[in-house]
Amino acid sequence: MEILRIENLTKIYGSGDNEVRALDGVSFSVDKGEFISIIGPSGSGKSTLLHMIGGVDRPTSGKIYMDGQDIYAQNEDQLAIFRRRHVGLIYQFYNLIPILNVVENMCLPVLLDGRHVNNDYLNDLLDTLNLRGREKHLPNQLSGGQQQRVSIGRALMNTPAVVLADEPTGNLDSKNSQEIVELLKLSNKKYNQTLVVITHDENIALQADRVISIEDGKITRDSRIRGY
Amino acid sequence: MSILGKYTLRSLLKNKTRTFATVLGIVLSVAMFTAVTEAIASMRSYLIKGIEYELGGFHALSQGVDVEQLKSLEQRENITQVETLGIVGYADIGSQNAYKPYLYITSMSPNLTSLVSVHLSSGRLPANSGEIILPLHLSSNGSVEYKLGDSFSVDIGRRVNGGDVLDQNDAYETDEKLETEITKTYTVVGFYSRFDTMIEPYSAPGYTGITAGESTQTYDAFYKLKNAADTYDFINENISEYKNTKANTELLMLYGISRHATAMRVFFGMGAILVALIMFGSVALIYNSFSISVSERTRQFGILKSVGATGKQLRRTVYYEALYLCIVAVPLGIAAGCIGIWLTFYFLSGAFTSLGDIFGVGSGITLSLAISPAALAIAALIGVVTTFISAFIPAVRAVRVPALQAVTRANDISVKKVRIRMSPVIRRLFGFEGLVAAKNFKRNRRRYRAATFSLFVSVVLFISASSFCKYLTDSANTYDGTLDYDLSYIVYDDQNTQNTRAVYDALSSAQSITDSILYTRCNGLNYFTEWKYVSDRALSILYNGNPQSADDMGDLDRITPAFYFIDDDLYKRLAEENGIEIDINDPGAIVYDNYTMYQPNDDGDLVMYKLEYLNKQQIMSTNTLSVYEMQQIDGHSFYTVKNGMAYYIPDVRGNNEQLPVTEDDMLKIDIHQAFEKTDLKISGFLKENPYYVFDELAFIYPESAGGELMESGVSYMLFLSDDHSKSYDSMTRILDDMNADKAGLYDYAAQYERDRHLITIINVFAYGFIILISLIAMTNVFNTVSMNIFMRRRELAMFKSVGMTKKGFYKMMNYECIICGIRGLAIGIPAAVAVTFLIYGVITNGYITEFYIPWYSIAISVFSVFAVVFGAMIYSMSRLRRENTMDVLRNENN
């Protein structure tokens, strides 16, 4: 079942001499439950692509459909609401709110949406992410790996249609990196979570179902590694 | 509490310094709002108390109502209390005042004094219809003397003229009659101060005596309405039934109820100006705090946005912040404001007491803090509104930053490329670090905008507030600091020189008098002089450098000198002290020339000029001033000069039918015949006026030289005293004994003390205001500068990590501070001078004080700007030094 379709997506920064085509007519689609990795060198446009999908930046032209809905047909506030209900974002630099504790950071999207936190699901996530006993800790009391696990928890908390991860292991050592990838894979399996991960790391990329390579804003390769 | 509420609260608690600065800002602002509103409320309640004391707390008075009408008033639902003076009637009591021959006997209702003030000077209120209290002016004005306990019998009746019955509002008519009906005997049980003219008009023919328990047919009814605001409507609706109804206008005005819309306009107007000034300063301060707090959290807002917070939710966090700050700061501010104004009143109470009669408030009423819930609510509301206005703009701005840009801090690197030029001197002084600072400043102007803006606002506020106060004090300060004499007595209708001398001798021997002087002064009207004797400045003001009225006047212009005739010895001394040679047998005038002239300006408003009117060189070259005096023509009055002719109007007194007079009816004489030329001998000019000479064009002569002119003058007596109030009392008694007019006696020293107190009060308020405004301004600058540095901790840590020394840091920061300060001052000072000019225009309207650039305040603000900027910089740098460089660089979460 198709959950995400990207049609002819183009993003141009600047104008005239300074014009940079970060994305140039990118099209692909993602099925529900798929685990996709996007690889490419620095400046190839992969982060831009991810941000477009996440609804945090607007494309110059082209369309993105999530669950059949054209996400950029919405205004800023609708987009924000769309984001907290349908998208989970994971950044390289965890981007936690420093003054909120682990549980509060994880529950942010749900609370912002004015819903009640599903405590069973929260406990399940805390166990899965191995954050038990750290519920009340503030981000600066956690290690890098733990902080990234919190941000994964935050991304999963609202059971989004798609989880987008931008270099989730870029700031971590190899042991922590593998742990994070395992967690992502686990959530992909356990919750049938659609997962789009940007990475430099060949090892991580190859653990995905499908690898998309981007260079100079264009898709150069789209290969399925394994079925699902 | 919602997650965003929690988030906001914790941000506030985490950034203690900034939160403290913001709270301080709001506290200061609310304290000042409270001070302004409470001062107004207290002043209002003081004036209300004053009127209730002088006149009474009734809302309206209906005079001459009959029994039925009174009953109807008492039964009305919207009237809460009615008290009456029942009218017993008039009695001839043998008053010496021909226009006030009667005692007007009234009977008070038991609780009259709860609505109407009756000030007993001795005795007690009447208890029954055999007792009476009399007004003090029955003796002082009517010369009818009774003592406490005296009994007297009178025939009481009504005043009639033709068929009309007359009342207290009808002045005495020479052909009226008193129809007596009954005879009564009263015992005097008290004396009271005369009623206000609202109750007993000046023209009333009867002194109001008050008895009690008498049943009467007509009444003066005093009443209070349930809602004071309905008073005027009530009066209008019932005007047909209660013809003689008056509202207690002054009281109602203070309640803010007036038919003429803008009551309390002065107070509220001044209050509004102050509130606007404070609000401007506060918004600038609090706005900056919010703006810093928000941009500090831009990244966090980005994160919140990317996990799905809507714009509305983000705006709400800023409003939460404002709300929490208000909850803490507003009550503190109100408390601080109340304490401040209470202290001010406490220390000024002495000064205020002596000002009673300036405000028309009698003694015994003191100005004290009146806690008015409305005033506090207004102050709180203005404070909250100010805070929310300040929070609104940063909130909107924060939401506009795209999520991605916020998260990646794309702002941090989006600087403009600008060519940097730096003079070699500065380069040498500040080195490479200075260059970095210059680049920072030029390429990233936004960062400094907040600091520059707050400096600008502070400078403008400080300078304009001090100018405001300076001009205010100037316009209140009519004396130049010292008083030359304490008391004066002026004899206006001087029939008898002999008598004047006697009065002078008697007054000079009054208690505590140490020195005295008697002289005569008269105004010279209808004098003209030649242009050659008039100073260039006077001519240029009169004719704008272009004498146009030459056709009318020829080369003559009016002068209005005053002639002084002083004791011969004093005259000799004056000449000697000023190095003027005189011949006492042909003394000539000693001239003091400080002429006041009013001329219309281009807008047609009269402007006052003070100048030397006479051409001193010309006059002293021949010791002569030729004056032309208008001839008096019997049966005519001089009217004007036109086309070289003098016009005289024939006197038509007593025959109004001949008015108006046309030019044809006037007597016209060639001006050279109409004027009589006299050469006045001028002995010399004075630089300073002796204390007995006013600021005017004065010609001073010895008494021995006085003739007809001196006899037409007014006698002035000036006295120096050790104790002016003792002297005043003693002089009053002396004048009483001599049966002389007391109206000419004036206690300047008392006036001077009152003026000094007024100035003290204005100064205290002015300096309080300046200090608070300066505090606001300083907090603002400190806050902005230190936050600016904190926000750059990463950048600074980076410099440190690549080896910038402590000295280097200070070089860089010093350069930034200097540039920032200079920029703030460069726009602030001209703006402040402009505002000062506006204030000058508003406040000195009608006074001619020269506009001056407020150098003193400018100097203070230049000094304080750098002091505060450097202080804030040193404070924040020392805070930053305590942090670990690597932590700062590595810590992504901050």
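The values are calculated or read from the model by the stated rules, or taken from the named source; none is laboratory data. It should be emphasised that the depicted structure is a prediction, and the values quoted were computed from it without experimental measurement. Heads up, the Cβs are rebuilt from the backbone with ideal geometry, glycines too, and the neighbour counts pull from every protein chain shown. Areas reflect the complete protein model, heavy atoms only, side chains present, ligands, DNA and RNA absent. Shrake-Rupley method; radii C 1.70, N 1.55, O 1.52, S 1.80 Å.
Quick notes
- Residues located in region A:60-75, provided they are within 18 Å of the chain's Cα centre (by Cα) and either basic (K, R) or assigned to a strand (DSSP E or B) (or both): A:I64, A:Y65, A:M66
- Within region B:142-158, considering residues that are open to solvent by 70 Å² or more (accessible area, probe 1.4 Å) and touching a residue at least 60 places away in the same chain (Cβ under 8 Å), the one farthest from B:I199 (Cα to Cα): B:D155
- None of B:Y232, B:Y242, B:Y202 is closer than 28 Å to B:S114 by Cα, assigned to a helix (DSSP H, G or I) and at pLDDT below 85 except B:Y232.
- Subset of region A:88-130 that is of a type in the set (D, E, K, R) and at the interface with chain B (Cβ under 10 Å from one of its Cβ atoms) - its residue that is surrounded by the fewest Cβ atoms within 10 Å (Cβ to Cβ): A:D113
- Scan of region A:194-226 for residues that are open to solvent by 60 Å² or more (accessible area, probe 1.4 Å) and on the phi < 0 side of the Ramachandran plot, ordered by number: A:H200, A:E202, A:N203, A:L206, A:E215, A:K218, A:T220, A:R221, A:D222, A:R224, A:I225, A:R226
- The residue of region B:293-313 that is farthest from the other protein chains (Cβ to nearest Cβ), among those that are in a helix (DSSP H, G or I) and under 16 Å from A:L89 (Cα atoms), is B:F301.
- Some residue of region B:257-266 being open to solvent by less than 40 Å² (accessible area, probe 1.4 Å), in contact with a Gly (Cβ under 9 Å, 6 or more places away or on another chain) and either aliphatic (A, V, I, L, M) or at pLDDT below 75 (or both): yes
- If you go through region B:563-578 and keep only what is open to solvent by 70 Å² or more (accessible area, probe 1.4 Å) and either touching a residue at least 12 places away in the same chain (Cβ under 8 Å) or outside the structural domain of B:D695 (by TED's automatic domain parsing) (or both), you end up with just B:K572.
- Single match in B:L12, B:L70 (criterion: within 14 Å of another protein chain (Cβ to nearest Cβ) and assigned to a helix (DSSP H, G or I)): B:L12
- Filter result (open to solvent by 30 Å² or more (accessible area, probe 1.4 Å) and either assigned to a loop (DSSP other than H, G, I, E, B) or farther than 16 Å from B:R159 by Cβ (or both)) within region B:205-223: B:G213, B:E214, B:S215, B:Q217, B:Y219
Here's the yes/no breakdown for (1) under 23 Å from B:N585 (Cβ atoms); (2) assigned to a strand (DSSP E or B):
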position	(1), (2)
B:K677	no, yes
B:I682	yes, yes
B:N689	no, no
B:S704	yes, no
B:M710	yes, no
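- Restricting A:G170, A:G133, A:G153 to those that are farther than 16 Å from A:G88 by Cα and within 14 Å of chain B (Cβ to nearest Cβ) reduces the list to A:G170.
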